[in-house]
Amino acid sequence: MSSPALVIAVPSKGRLKEKAAALFEQGSMPLRVKGHERGYRGQLEGLPDVEVEYTSAAEIVHQLRAGRVHLGITGEDLVRETLTDVDGTVEFLKPLGFGHADVIVAVPECWIDVASMADLEDVAEQFARSHGRRLRVATKYMNLTRRFFAKKGVTGYRIVESVGATEATPATGTSELIVDITSTGTTLKANHLKVLEDGLILQSQAHLLAAKTGVWDARARELREAVLGALSK
């Protein structure tokens, strides 16, 4: 059996999978799963030399980095958190208009004197003098957090890796503030948190991306343009 000319990685579950499928359907290139309906391989109708790989949104970033797939659909937040050299590793071909989420810095609402990242640095200094330790920031986005805090000149903190509901950590006493994603802000309000005025780290959405380390022969490039054209309809 010959190797596919182009491999595209698509999220394997949830809203991203549903939205991606709807987008290909709209572009007259429906996704078709091979074999069992819960299988992890598929194809685009009308393009038998394109293989679709279903995997997690996070794993798609690793697949793109390694050049094991040509194209992938995943969130910009995952790309910028995972890759150290984004521009040298992937090409952002098209924002897809779904999977919207903002990566933000949020603090307790009761911190009435903290409205900006500069205020946060002042509080960090006071906190260290009073408690003998740094502010704890709970997050799953450790790299984005470090880069953003450095850009804003905030140093008096340490990261606590979040493995559960990040927004609940200040209330449970395992952190003082958070860096997390939000789409509506409802969960933040329910946990009595507020976003800092300049605390927007990234406005993320799903993108179609190309692996710069992939093998791009003439047919692969032709298929890339066909896929991009279909998703632009």
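Within the range 210-231, being of a type in the set (D, E, K, R) and in a helix (DSSP H, G or I) holds for Arg219, Arg221, Glu222, Arg224, Glu225. Filter the range 39-58 down to the residues that are buried (at least 19 other Cβ atoms within 10 Å of the Cβ) and under 24 Å from the mean Cα position of the chain (by Cα), then identify the one that is modelled with the lowest pLDDT. Among residues in the range 39-58 that are buried (at least 19 other Cβ atoms within 10 Å of the Cβ) and under 24 Å from the mean Cα position of the chain (by Cα), the one modelled with the lowest pLDDT is Gly42. Per the listing Leu200, Leu135, Leu144, Leu208, the residue uniquely over 17 Å from the mean Cα position of the chain (by Cα), within 28 Å of Ala58 (Cβ to Cβ) and aliphatic (A, V, I, L, M) is Leu135. Give the residue that is surrounded by the fewest Cβ atoms within 10 Å (Cβ to Cβ), with candidates limited to residues of the range 148-202 that are charged (D, E, K, R) and in a helix (DSSP H, G or I). The extreme case among them is Lys151.
For every residue, the table says whether it meets (1) basic (Lys, Arg); (2) farther than 30 Å from Ala171 by Cα; (3) at pLDDT 95 or above.
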residue	(1), (2), (3)
Ser2	no, yes, no
Val7	no, yes, yes
Glu37	no, yes, no
Ala66	no, yes, yes
Glu81	no, no, yes
Val90	no, yes, yes
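The set of residues in the range 203-218 being of a type in the set (D, E, K, R) and surrounded by 13 or more Cβ atoms within 10 Å (Cβ to Cβ) consists of Lys212 alone.
Table: residues versus (1) of a type in the set (A, V, I, L, M, F, W, C); (2) in the same structural domain as Ser183 (by TED's automatic domain parsing); (3) touching a strand residue (DSSP E or B) at 6+ places or on another chain (Cβ under 8 Å).
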position	(1), (2), (3)
Glu25	no, no, yes
Pro48	no, no, no
Tyr54	no, no, yes
Val79	yes, no, yes
Leu83	yes, no, yes
Lys94	no, no, yes
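Counting only strands (runs of 3 or more DSSP E) that sit wholly inside the range 25-100, those with at least 1 residues that are of a type in the set (A, V, I, L, M, F, W, C) and without any contact (Cβ under 8 Å) to a residue 24 or more places away in the chain are 31-33. Against the numbered list (1) surrounded by 14 or more Cβ atoms within 10 Å (Cβ to Cβ); (2) without any contact (Cβ under 8 Å) to a residue 24 or more places away in the chain; (3) in a loop (DSSP other than H, G, I, E, B), Asp113 comes up short only at (1).
The values are calculated or read from the model by the stated rules, or taken from the named source; none is laboratory data. Predicted, not measured: the structure shown is a model, and the values here were computed from it. Positions of Cβ are backbone-derived with ideal geometry, glycine not excepted, and every protein chain shown enters the neighbour counts.
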